[in-house]
Every structure is written in C-alpha cells, then in structure tokens.
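Asks: After the structure tokens below, expect a handful of questions from me.
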Amino acid sequence: MKSLMAYEKIRDMILKGQKLPGTRLIIADLETELEIGKGPIREALMRLDRSGLVQNIPYKGAVVATPPTPREILYIYELRKELESMLAVAALDSIAGKDIAELEKLHDLMLAMPHDHYQCDIDFHFCIYRAANLPHLYNIAKAYIFSVESVLNVYRRKKGHIIKFNAEHYDIIQALKSGDREKVRKAMAQNIESGLAIIRETYDDLLQQPFD
C-alpha cells in the first residue's frame, strides 16, 4: 500500500514538472520529502523505471526520464487498439475453457472494485493475449501498455470508470464465447479507447492542460 502511495506521489511530481528530466531521485531525500520508508520508495522507483518515467543509470541511480508527449500517447493508443484487437481475434483460434474461466474469475474480482483494479485489468488482457499463442506480438503489446503506464491515473479510477470497464470486460468475455470475430474486435477496441479517456482526464485534472 505504501509503495503505491510513493509511486503516485513521485509520478505526480514528475508529471507536474516538480522533478525535471535528468533529476536524480535519491532515496534518502525522497524518504524525508514523502515521509515514507526506504522499502516502499525502492519499490515505487522500480515500477517507475518499468513504466519509463524513471531510468536507473549505473553509478548514478534513479534519474527522471522524459515522459511521453500527448501526441506520442495518442499514437501509442492507436497502435494498441490495432494490435490488441488483432490478438484478441487471434485468440479465438486457441482459447480454452480454462482461459475463459480465468477471465470470468478476474471479472468477478473486478466487480468487487478492489484497490488493485488496474492490476486485475492488466491480468485480464494478458490472459487473452497469451491465448493467441503469438509471443512476439504479446511482448510488443506489453511494451505498449507499460510505455504509457506512467501517465495513467491507475490508482485513482473513479467508480464510474470501474463500472464502465467491468461492463466492457463482460462484453469481451461474451464476444469470445460467441466466437464472433467482429464482436471481439469491437469489444476490445472500445475497452482500449476507454483507457485513453482516463489519460485525457489525468491531463485535465492533474496537469491542468489540454490533451491534444
């Protein structure tokens, strides 16, 4: 829990320009600044490194990287929508009953609106993409997702967002069960577009600047 709090606070400082690109993030300083222990801060920096918002440089430590621009994020989401819809359709050829059962289990967890709804959401998508048996494209999809994670308002999803995502996940499951390729493609594309809507809200609320 504290590592998630540290992640949010450091991420917001970077996105607001309070920690500029090239700035060293020294754990001892962050511990004092955030009033959070070293362990959670280390975990937060590892997650930020994975998302690309921070880089761990040998002999220098964690350094603030340059976040993606709004234009880059839009392009990434266009690529995500195309690739992830393709993987979902490809999964129809090999998805098994155990995969559907796992998706339904994750959906049930998300209906309870857990604090880690975002992670359940990611696990839901990865379950489908693994079922496509296209490992190279699966890895590319993961890279796209993590490349924009830094600007996702991932731990502040509003109740309305969660209800909408849960309904879309249900539609995806039903589309997969039906075997209808066009339904699967549309259901997945809609869910990706909803993710972009959260980023737009993040820029409006957190950064107080238009997203275009």
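Asks: Give me the dipole magnitude in Debye, nearest 20, for the range 61-151 about the Cα centre, with unit charges on the beta carbon: positive for Lys and Arg, negative for Asp and Glu.
Replies: 200
Asks: Using the charge dipole of the chain (Lys, Arg: +1 at Cβ; Asp, Glu: -1 at Cβ; taken about the Cα centre), state which of ASN56, TYR77, THR202 has its Cα farthest towards the positive end.
Replies: Ranked along the dipole, the leading option is ASN56.
Asks: Choose one of ALA143, ASN191, ILE172: the residue whose Cα lies farthest towards the positive end of the charge dipole of the chain (beta-carbon charges +1 Lys, Arg; -1 Asp, Glu; about the Cα centre).
Replies: Of ALA143, ASN191, ILE172, it is ALA143.
Asks: Using packing as a proxy for protection, rank 186-193, 95-102 so that the peptide with the highest average count of other Cβ atoms within 10 Å comes first.
Replies: Highest mean packing first, the order is 186-193, 95-102.
Asks: Which whole-number percent is the relative contact order of the chain (Cα, under 8 Å, 6+ apart)?
Replies: 23
Asks: Could I ask something else about it? Return the loop-located trypsin sites (Lys or Arg not before Pro) in the range 1-69 (DSSP other than H, G, I, E, B) with at most 15 other Cβ atoms within 10 Å of their own Cβ; answer none if there are none.
Replies: Of the trypsin sites (Lys or Arg not before Pro), the ones in loops of the range 1-69 whose Cβ has at most 15 other Cβ atoms within 10 Å are LYS16, LYS60.
Asks: A further question follows. Of ALA132, GLY39, ILE122, which is farthest along the charge dipole of the chain in the positive direction, counting Lys and Arg as +1 and Asp and Glu as -1 at C-beta?
Replies: GLY39
Asks: Could I ask something else about it? To the nearest 20 Debye, how big is the dipole of the chain about its Cα centre, given +1 on the beta carbon of each Lys and Arg and -1 on that of each Asp and Glu?
Replies: It comes to approximately 280 debye.
Every number in this text was worked out from the coordinates using simple rules, so none of it is lab data. Note that the structure is a prediction, hence the values are computed from the model and not measured. No Cβ is skipped: glycine too gets one built from the backbone with ideal geometry, and neighbour counts run over all protein chains shown.
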